[in-house]
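Colleague: Below is one structure. I have some questions about it.
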Amino acid sequence: MKPKSIVHSFGESLEESHKLDQEHNFIELYERMWPDVVSAQRIDADSHLQRSGVDRLIVLQTGKQITIDEKVRKEDYGDILLELVSVGHYSTNGFIEKKPGWTVDMTKICDFIAYVVLPSARCYLLPFDLLRNATIANMDAWKANPKCRFPKDSDNFTYITRNIAVPWDILKPAITQQMFRKFGDGKPLPPANNGNAVQLEFRWGN
């Protein structure tokens, strides 16, 4: 069954207009990712989902729901632009952060970021929780890395949005690393009845 795309209303930003231009490509992407998709509804009207960073609600034949935030970038610099501060401004005390950017926002609930780079006709489907954790864990290192461009500020007249541009070959392994966890704190277990202590370590990813 062909997924339905329901468009309620559209913002006036350039990014939103690009999303509308690319609507057929987004639908094709979701059909390829999830062949059993029955609905791919855009969430443009003011709602809890939209305020929580969801642009698209995917529904599969099983009833499973997948939420997606769609980003469109009109230039290809070989990196992913991650928003660290959504609203900020300069004062005599330096840069003041008023609202977290979408990358590190703990109230954001989407499952994936569909990050489109128009010139290369490429879309990165990024698992959001892993992306957010990777950004928080590596933020200081990325800021100090000359391969990453920071700060990348956007002046929005009354406020400033602050970003960091992270090359894909740096971002990808950082996200992948979030998929692995080492279990066991290295301390010996209490002695068993026979007087022997056995250290058990369970590891995912090997």
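Colleague: Select from the range 154-202 the residues that are modelled with pLDDT of 90 or more and in a strand (DSSP E or B) and write down the one among them that is surrounded by the most Cβ atoms within 10 Å (Cβ to Cβ).
Modeller: Among those residues, the one meeting the criterion is VAL166.
Colleague: Please go through the range 60-76 and give me each residue that is under 17 Å from TYR115 (Cα atoms) and assigned to a strand (DSSP E or B), ordered by number.
Modeller: Listed by number, the residues that qualify are ILE66, THR67, ILE68, ASP69, GLU70, LYS71, VAL72, ARG73.
Colleague: If you go through the range 84-92 one residue at a time, do you hit one that is over 12 Å from the mean Cα position of the chain (by Cα) and without any contact (Cβ under 8 Å) to a residue 24 or more places away in the chain? Outline the logic, then answer.
Modeller: Step one: list which residues in the range 84-92 are over 12 Å from the mean Cα position of the chain (by Cα), which gives 85-92.
Retained after the next criterion (residues that are without any contact (Cβ under 8 Å) to a residue 24 or more places away in the chain): 91-92.
Yes.
Colleague: Can you confirm whether the range 99-113 contains a residue that is assigned to a strand (DSSP E or B) and over 30 Å from PRO35 (Cβ atoms)?
Modeller: Within the range 99-113, one or more residues are assigned to a strand (DSSP E or B) and over 30 Å from PRO35 (Cβ atoms).
Colleague: Taking only pairs six or more apart or across chains, which ones have beta-carbon atoms under 6 Å, a first residue in the range 48-59 that is in a strand (DSSP E or B), and a second residue that is small (Gly, Ala, Ser)?
Modeller: That search, which allows pairs on different chains as well, returns ILE58/ALA40; VAL59/SER39.
Colleague: Identify, please: which residue in the range 70-92 is modelled with pLDDT of 90 or more and among the hydroxyl-bearing types (Ser, Thr, Tyr) and is, among those, surrounded by the most Cβ atoms within 10 Å (Cβ to Cβ)?
Modeller: Result: SER86.
The values are calculated or read from the model by the stated rules, or taken from the named source; none is laboratory data. Small disclaimer: the values here were computed from a predicted structure and weren't measured. Positions of Cβ are backbone-derived with ideal geometry, glycine not excepted, and every protein chain shown enters the neighbour counts.
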